[in-house]
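Structure first, then comments.
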Amino acid sequence: MKTVECPYCREINHSSAPEIMSGCAYCGGSFAEICTENQTLVVLDRNKASAWELAEDLMAEWLEHGELEKEAIVDRRLGNEKVEDSDRRKYPSGLPRTLHMV
Ligand SMILES: [Zn+2]
């Protein structure tokens, strides 16, 4: 189990697969946290009206704290299960398409 901080309510969640979008145990907001060799991506739910603003706020906060390896992104695929399924086949790692553009 890994611990991940919810980007919405800041509560600590425990997850065995934080890289898969799932709801926060406290506020129910969907997010994922993907760790690569030199980067941590926090994926926000684009169905949240404030997702883009939150992403900017988080980035500014991490910059302030010197957490330069962290990046907040908004998942553009949420709400379209079919696209997500075909993405999974194309990318067996289960990582979102955005990661491949970094
Ligand atoms: Zn939460």
When every residue in the stretch 41-52 that is away from the ligand (no atom under 16 Å from the Cβ) and in contact with a helix residue (DSSP H, G or I) (Cβ under 9 Å, 6 or more places away or on another chain) is compared, the one modelled with the lowest pLDDT is Arg46
Sole miss for Ala55 among (1) under 16 Å from Cys6 (Cβ atoms); (2) crowded, with 16+ Cβ neighbours inside 10 Å; (3) at pLDDT below 95 is condition (3)
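Rundown of residues vs (1) part of a strand (DSSP E or B); (2) surrounded by 13 or more Cβ atoms within 10 Å (Cβ to Cβ); (3) in contact (Cβ under 8 Å) with a residue 12 or more places away in the chain; (4) within 11 Å of the ligand (Cβ to nearest atom), yes/no style:
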site	(1), (2), (3), (4)
Tyr8	no, yes, yes, yes
Pro18	no, yes, yes, no
Gly28	no, no, no, yes
Asn38	no, no, yes, no
Given the conditions (1) over 10 Å from the mean Cα position of the chain (by Cα); (2) more than 16 Å from the ligand (Cβ to nearest atom), every one holds for Thr3 apart from (2)
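The values are calculated or read from the model by the stated rules, or taken from the named source; none is laboratory data. Just so it is clear, the structure is predicted and the values come from calculations on it, not from any experiment. Reconstructed Cβ throughout: ideal geometry from the backbone, glycine too, with neighbour counts over all protein chains shown.
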